[in-house]
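Report on the following structure.
All of the numbers you see were taken from the coordinates with simple rules; none came from a lab. The structure presented is a predicted model; accordingly, all values stated were derived computationally and were not measured. Every residue, glycine as well, gets a Cβ built from its backbone with ideal geometry; the counts of neighbours run over all protein chains shown.
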Ligand SMILES: Nc1nc2c(ncn2[C@@H]2O[C@H](COP(=O)(O)OP(=O)(O)OP(=O)(O)O)[C@@H](O)[C@H]2O)c(=O)[nH]1
Ligand SMILES: [Mg+2]
């Protein structure tokens with residue numbers, strides 16, 4: 001298993017120069033190590049920022065610093081921690097780390113501070129993983145979702161579900177342990193009802209997870225349609241600049257053009273493509289092939305039609321081909337007289353900008369199932385979603401067994417216990433060492 005009896009050190013701030021850089025030391029020896037390199041003779045006081053200096057082995061001063069000692073268990077890792085804030089210069093910070101190594105610290109592995117926080121019970125796995133997400137967040141919304149998870153909102157919801165399962169299992173086991181009493185502690189109808197309640201709660205978490213995932217991972221939205229309908233114009237409208245060339249000639253766009261846009265907090269990769277038609281030359285043929293590949297991997301397709309022209313065969317074919325895909329039909333050129341009526345979809349004019357807000361909202365709604373992303377405590381991590389889905393499957397199986405009637409309690413119990421095991425794996429109550437390696441290896445050193 002992981003060793004936690006030694007003291008680890010690393011630079012906790014990002015590489016590069018800045019006003020402040022922090023070296024973090026954690027473990028039973030951290031205070032001794034810190035005090036040995038500080039020029040101040042008095043011992044460090046708990047949670048007091050102390051202005052002093054760090055000296056190298058040669059007693060040359062390395063830097064003026066502020067050292068803060070956090071005694072266990074009230075620290076990030078739950079162990080004794082000393083944080084040394086020096087000036088944000090990689091050479092200075094490295095010298096402080098080297099000094100700590102000389103005195104007996106070991107260089108921390110990636111994510112090892114957070115791993116220790118987990119092993120010492122300061123954070124569960126959801127929270128530890130949220131630290132990595134929060135650090136990696138690229139949009140304010142991503143940061144919000146990660147922070148909600150860090151605060152333990154989801155942990156609380158999952159623990160609640162787990163507690164209900166636990167009490168149900170206890171009742172069923174009691175029935176099993178006293179079979180001769182001829183008395184059931186819990187009737188099948190009651191079991192079925194209680195399982196249904198838990199399934200309902202997991203359903204709610206899973207449906208919010210769809211939103212959480214899109215927020216965390218972002219989405220790829222690909223603009224498709226026959227030539228000249230205004231794909232590039234709509235792409236530019238959503239990007240907010242004239243990124244793609246727009247021209248009256250059909251076949252203007254020949255390669256994929258992509259841009260990152262922030263739609264209501266969602267990180268969307270928007271892709272403009274070459275119009276689908278019989279290609280006139282080799283370059284266009286390749287462009288159209290690329291367009292097809294891009295639409296293959298799209299989370300969502302924007303199928304653009306020219307509202308001022310009757311629907312063509314190319315349009316009909318495209319609509320037919322994509323009928324099973326997640327898509328929004330965008331009828332463009334609403335500033336011109338309409339050539340056909342269409343139910344549903346969004347009507348816009350890329351020229352005047354009319355309908356742009358409707359289109360943005362429709363994209364967000366289609367990607368997340370929500371009108372607005374304000375209320376966003378949601379599972380977002382695939383590992384969590386996968387385990388929750390497995391728990392769900394076992395519970396549905398359990399309920400089916402109960403409803404069939406006459407099933408021995410043992411079978412029902414087996415499913416319920418398996419469901420609980422999955423839930424516990426989410427928060428990390430049961431985890432293997434290899435899983436922990438897998439999770440914490442993704443962190444950088446110093447976290
Ligand atoms: N009146 C009107 N014209 C538009 C509108 N949107 C685009 N156009 C015009 O339609 C023509 C084609 O626009 P593009 O955006 O280049 O169309 P595209 O679908 O990207 O075309 P390809 O790249 O050739 O497949 C240009 O002349 C645009 O100015 C609109 O909302 N109203
Ligand atoms: Mg184009």
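By counting other Cβ atoms within 10 Å of each Cβ, how are 167, 323, 308 ranked from fewest to most?
Final ranking by Cβ density, sparse to dense: 323, 167, 308.
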Open item on the list: Just to be sure I understand: of the beta bridges DSSP finds with both ends in the chain, what percent are antiparallel, rounded to 5?
Closed with: 60 percent
TODO: Could you work out how far the C-alpha centroid of segment 146-165 sits from that of segment 412-439, in angstrom?
DONE: 15 Å
Open item on the list: With equal scatterers on the alpha carbons only and no solvent term, can you work out the Debye log10 of I(q)/I(0) for the chain at 0.09 1/Å?
Closed with: -0.81
Open item on the list: Could you check the spin-label model distance between residue 241 and residue 437? Points 7 Å from the Cα along Cα→Cβ, value in nm.
Closed with: 4.5 nm
- [ ] Please identify, among 389, 114, 352, the residue showing maximal mean-square fluctuation in a Gaussian network model of the chain using a 10 angstrom Cα cutoff.
- [x] 352
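Given contacts defined as C-alpha pairs under 8 Å and at least six residues apart, what's the relative contact order of the chain, whole-number percent?
Numbers: 828 pairs, mean separation 74.0, N = 447.
RCO, the chain: 17 percent.
Using 0.36 nm per residue of separation minus the Cα-Cα distance, give me the extension gain between residue 217 and residue 445 in nm, one decimal. Present the calculation step by step, with values, prior to reporting the outcome.
Details: separation 228, 0.36 × 228 = 82.08 nm, distance 2.29 nm.
Taking residue 217 through residue 445 to full extension adds about 79.8 nm, to one decimal.
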Open item on the list: Quick check on the chain: helices-only [θ] at 222 nm, where DSSP H runs of length 4 and up contribute -39,500 (n - 2.57) each and the sum goes over total residues. Nearest 500, please.
Closed with: -15000 deg cm²/dmol
Open item on the list: Tell me whether segment 252-367 comes out rounded, prolate or oblate; compute the Cα gyration tensor, take square roots of the eigenvalues as a ≥ b ≥ c, and use a/c under 1.5 as the rounded threshold.
Closed with: oblate
Open item on the list: Just to be sure I understand the model, the point goes 7 Å from the Cα along the line to the Cβ. What's the resulting residue 56 to residue 207 distance in nm?
Closed with: 6.4 nm
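Kindly put 98, 197 in sequence by how many other C-beta atoms sit within 10 Å of each C-beta, fewest to most.
Details: 98 16, 197 11.
Least crowded to most crowded, the residues run 197, 98.
Please report 58, 207, 366 as a ranked list, fewest other C-beta atoms within 10 angstrom at the top and most at the bottom.
Values: 58 7, 207 12, 366 18.
If I rank by nearby Cβ atoms, fewest first, I get 58, 207, 366.
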- [ ] Mind running the shape call on segment 87-142? Use the C-alpha gyration tensor, a ≥ b ≥ c as the square roots of the eigenvalues: rounded below 1.5 for a/c, prolate if a/b tops b/c, oblate otherwise.
- [x] oblate
TODO: Find how many whole Å separate the alpha carbon centroid of segment 264-288 from the alpha carbon centroid of segment 50-127.
DONE: 51 Å
Task: Degrees between helix 188-217 axis and first principal axis of the chain (Cα, 0 to 90, nearest 10) - done: 80 degrees
Task: Most mobile of 226, 53, 313 in a GNM of the chain (Cα contacts under 10 Å) - done: 313
